[in-house]
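Peer 1: Sharing a structure below in structure tokens format, with a few things to ask.
The values are calculated or read from the model by the stated rules, or taken from the named source; none is laboratory data. Keep in mind that what you see is a predicted model, and the values were worked out from it rather than measured. Please note: Cβ atoms are built from the backbone with ideal geometry, for glycine as well, and neighbour counts cover all protein chains shown.
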Amino acid sequence: MLTIQVNGEQKSFEAPADMPLLWVLRDILGMTGSKFGCGIAQCGACTVHIDGKPVRSCVLPISAVRDRAITTIEGVGASPAGAKVQKAWLDLEVIQCGYCQSGQIMSAAALLAATPNPDDSDIDAAMAGNICRCGTYVRIRAAIKQAATGRQS
Ligand code: FES
Ligand code: FES
């Protein structure tokens, strides 16, 4: 039996130690907001936070998580940065098909929590690993700036 902490709640389950965290979240715990895109840490669709830092859950074995705090798209809105990001995403209608967007929001929320007023280079560095096939990058950048400043740019 393994136990992890997700969005402030203890979750216990049976799983192989090498199962990636994304499989545990989606297939065992039924938390399907984090998406499977590439499976090789290249697209960012599966991004969650571990102790506040963005990680690719598709390549993180559950045995490496242990007692660290996991935050997913289902829980990120409880943090100040996550709430600001989600509001800006809605205000600016960032989402197109939506598949990449939980990962985009998780990376943006981690950026703002660490760097409350990011400049373009901070945004580039934080968001470079999140791919959007719909090309919503311009709106993502504007939403991050709105979340940071409270103003539409
Ligand atoms: S599914 Fe994890 S980075 Fe693409
Ligand atoms: S909104 Fe469609 S892949 Fe990003």
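Peer 1: Does Ile131 meet the test of being touching a residue at least 60 places away in the same chain (Cβ under 8 Å), over 17 Å from Thr72 (Cβ atoms) and not assigned by TED's automatic domain parsing to the domain that holds Ile50?
Peer 2: Yes: the conditions hold for Ile131.
Peer 1: Further, regarding this structure: Could you grab me the full set of residues in the stretch 34-60 that are away from ligand 1 (no atom under 13 Å from the Cβ) and either in contact (Cβ under 8 Å) with a residue 24 or more places away in the chain or surrounded by 20 or more Cβ atoms within 10 Å (Cβ to Cβ) (or both)?
Peer 2: His49, Gly52, Lys53
Peer 1: Let me confirm something: among Ile95, Ile62, Ile105, which residue is outside the structural domain of Glu9 (by TED's automatic domain parsing) and closer than 21 Å to Ala41 by Cβ?
Peer 2: Being outside the structural domain of Glu9 (by TED's automatic domain parsing) and closer than 21 Å to Ala41 by Cβ holds for just one of Ile95, Ile62, Ile105, which is Ile105.
Peer 1: Okay, next question. Of a type outside the set (D, E, K, R), within 17 Å of Gly150 (Cβ to Cβ), within 16 Å of ligand 1 (Cβ to nearest atom) and at pLDDT 95 or above: does that describe Ala113?
Peer 2: Here the answer is no, as Ala113 does not meet what is asked.
Peer 1: Among the candidates Ala114, Ala125, Ala143, single out the residue that is farther than 18 Å from Leu22 by Cα, within 16 Å of ligand 2 (Cβ to nearest atom) and outside the structural domain of Gly30 (by TED's automatic domain parsing).
Peer 2: Sole residue among the options that is farther than 18 Å from Leu22 by Cα, within 16 Å of ligand 2 (Cβ to nearest atom) and outside the structural domain of Gly30 (by TED's automatic domain parsing): Ala143.
Peer 1: Here's something else I'd like to know. I want to confirm something. Restricting to the stretch 13-36 and keeping residues that are touching a Leu at 6+ places or on another chain (Cβ under 7 Å) and small (Gly, Ala, Ser), which single residue is farthest from Ser107 (Cα to Cα)?
Peer 2: Ranking the candidates gives Ala15 first.
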